[in-house]
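S.K.: Can you read through this structure? Questions will come right after.
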There are 2 protein chains.
Amino acid sequence: MDNGASESEGSGVMVEPQALRADARRNRDLIIAAAKAVFAERGADVPMEEVARRAGVGVGTLYRRFPDRDALVREVAGDSFAVLLARAREAEAEGGRGWESFLGCLKDMPELWFTLRLTLFSPDAWPIVRDDASVRVTARELRLVIDGLVRVAQAEGTLRSDVGTGDVLMLVALVVTGMRASSGALGAVVHERVLALALDALRPGSAAPLPGRPLTPDDLEPRV
Amino acid sequence: MDNGASESEGSGVMVEPQALRADARRNRDLIIAAAKAVFAERGADVPMEEVARRAGVGVGTLYRRFPDRDALVREVAGDSFAVLLARAREAEAEGGRGWESFLGCLKDMPELWFTLRLTLFSPDAWPIVRDDASVRVTARELRLVIDGLVRVAQAEGTLRSDVGTGDVLMLVALVVTGMRASSGALGAVVHERVLALALDALRPGSAAPLPGRPLTPDDLEPRV
């Protein structure tokens with residue numbers, strides 16, 4: 001199935017510039033959505049043709065927009081971090097209940113799992129993403145917003161007081177990243193279940209003191 | 001440094017059979033301990049010479065005992081599972097406080113981390129280990145003993161009631177496995193910290209119901 005936009009781009013038919021821009025934007029959104037789905041299922045080294053097929057656009061349209069796979073991976077990672085950042089800012093704006101709202105979004109959002117798998121711990125994709133200025137800025141902003149959520153949540157008593165933002169990010173990243181290896185027969189519900197379980201570790205009232213000191217966002221800086 | 005045992009094996013000097021067996025046993029133990037340390041630091045694809053050097057035995061001694069790396073990996077995995085199984089049985093014998101004792105051992109024992117990294121989620125090593133009958137028997141026995149610990153702990157109220165043994169094993173495996181990727185600058189204390197944090201998720205009194213149903217040991221059967 002082709003959505004028609006690529007045909008209008010390629011056919012030489014005269015169209016209004018504004019309609020062209022809207023077509024290009026729609027194609028871009030279709031490609032990113034398809035790439036997220038295909039990457040999450042089969043990894044970022046899937047053939048570009050598979051992404052085009054899933055998006056319902058021609059291969060030529062895909063390559064005009066993203067000249068190679070690295071460009072597509074960077075755009076997908078940037079888009080995923082941006083979605084996460086928007087969600088974190090919504091939680092920030094909610095104030096008091098922001099932490100629980102953000103935890104809920106972590107539990108529900110396959111988006112996050114994908115972003116972390118693709119970037120934070122993937123030896124294949126992270127080198128492609130790491131040097132992208134836009135991704136770096138968004139990721140850093142995301143860490144700062146989450147750091148604020150952590151402090152508010154600790155002040156209001158909904159998050160245990162002996163962890164830092166680095167602990168939270170590390171715990172989520174470890175659980176989410178390992179999930180790639182356990183996909184398949186066990187299914188998505190197991191992922192949701194184990195992530196929800198891990199996040200329960202963050203509720204107040206520890207059984208015993210944790211070793212070491214609370215980890216800061218900067219403790220993760222060499223990686224993210 | 002050579003511990004001398006390999007020289008007595010290789011020198012043709014006449015020695016008592018019992019002394020020879022003791023030498024062979026000591027060499028085997030030195031090799032396994034060295035292999036665990038080297039694999040944990042550098043992965044299971046390290047040169048065999050490096051293992052011999054660390055063990056303080058000759059390369060010939062190493063190859064007489066383990067004709068190839070696969071044989072060594074299988075022995076290391078079997079040995080690690082056996083140590084874990086022994087620890088789980090001690091916890092079982094302790095009765096009432098057994099669960100907390102077992103949690104403590106999970107937090108303290110780098111052995112476990114290594115075993116899981118090497119086998120449960122390592123794409124390189126697991127195929128080597130999977131078909132070893134001895135490893136399979138020990139791993140299955142370990143799952144059954146942990147399953148018993150889980151039930152006792154839930155009955156006595158030291159473990160949340162809405163998880164199954166499969167949840168516990170999956171959570172630990174995910175956190176431990178991801179740690180390989182985060183070694184280095186952050187150091188071992190971060191691993192201890194995040195594992196201790198994750199295990200706190202298992203204390204009674206969940207914030208919200210978990211999705212799905214408790215996972216059984218058999219839910220993990222396709223993997224372990």
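S.K.: Regarding A:Asp219, is this residue assigned to a helix (DSSP H, G or I), at pLDDT below 80, within 11 Å of chain B (Cβ to nearest Cβ) and over 30 Å from A:Val46 (Cα atoms)?
M.R.: Answer is yes for this residue.
S.K.: Return only the number of the condition from (1) within 9 Å of another protein chain (Cβ to nearest Cβ); (2) closer than 19 Å to A:Thr177 by Cβ; (3) modelled with pLDDT of 80 or more that B:Pro211 does not satisfy.
M.R.: The failed condition is (2).
S.K.: Moving on to the next point. Given the options B:Asp167, B:Asp162, name the one that is within 7 Å of another protein chain (Cβ to nearest Cβ) and modelled with pLDDT of 90 or more.
M.R.: B:Asp167
S.K.: Within the bounds of segment B:111-128, is there any residue that is modelled with pLDDT under 85, within 14 Å of the chain's Cα centre (by Cα) and of a type in the set (D, E, K, R)?
M.R.: yes
S.K.: Do you know which of the residues in segment A:36-65 that are part of a loop (DSSP other than H, G, I, E, B) and hydrophobic (A, V, I, L, M, F, W, C) is surrounded by the most Cβ atoms within 10 Å (Cβ to Cβ)?
M.R.: Selected residue: A:Val57.
S.K.: Mind checking whether some residue in segment A:66-81 is assigned to a helix (DSSP H, G or I) and farther than 18 Å from A:Ile128 by Cα?
M.R.: no
S.K.: Just for segment B:16-34: of the residues that are in contact with a Lys or Arg (Cβ under 8 Å, 6 or more places away or on another chain) and not charged (D, E, K, R), which one is modelled with the highest pLDDT?
M.R.: This residue is B:Ile31.
S.K.: Ok, one more. Select from segment B:51-98 the residues that are more than 15 Å from the chain's Cα centre (by Cα) and closer than 13 Å to B:Leu30 by Cβ and list them in ascending order.
M.R.: Passing the criteria: B:Val51, B:Ala52, B:Arg53, B:Arg54, B:Ala55, B:Gly56, B:Val57, B:Gly58, B:Thr61, B:Leu62, B:Arg65, B:Phe66.
S.K.: Turning to a different aspect of this structure: If the requirement is being at pLDDT 90 or above and either of a type in the set (Val, Ile, Thr) or more than 30 Å from B:Met109 (Cβ to Cβ) (or both), which of these qualifies: B:Val57, B:Val13?
M.R.: B:Val57 is the lone residue from the list that is at pLDDT 90 or above and either of a type in the set (Val, Ile, Thr) or more than 30 Å from B:Met109 (Cβ to Cβ) (or both).
S.K.: List every residue pair whose Cβ atoms lie under 9 Å apart, where the two residues are 6 or more positions apart in sequence or sit on different chains, the first residue falls within segment B:90-115 and is closer than 14 Å to B:Val172 by Cβ, and the second residue, located anywhere, is at pLDDT 80 or above and of a type in the set (S, T, N, Q).
M.R.: These pairs meet every condition: B:Trp99/B:Gln154; B:Trp99/B:Thr158; B:Leu103/B:Thr158; B:Glu111/B:Ser80; B:Leu112/B:Ser80; B:Phe114/B:Ser80; B:Thr115/B:Ser80.
S.K.: So if I check each of B:Ala155, B:Ala185, which one is modelled with pLDDT of 90 or more and either more than 7 Å from chain A (Cβ to nearest Cβ) or farther than 17 Å from B:Gly104 by Cα (or both)?
M.R.: B:Ala155
The values are calculated or read from the model by the stated rules, or taken from the named source; none is laboratory data. Being a predicted model, the structure only gives us computed values, none of them experimental. Heads up, the Cβs are rebuilt from the backbone with ideal geometry, glycines too, and the neighbour counts pull from every protein chain shown.
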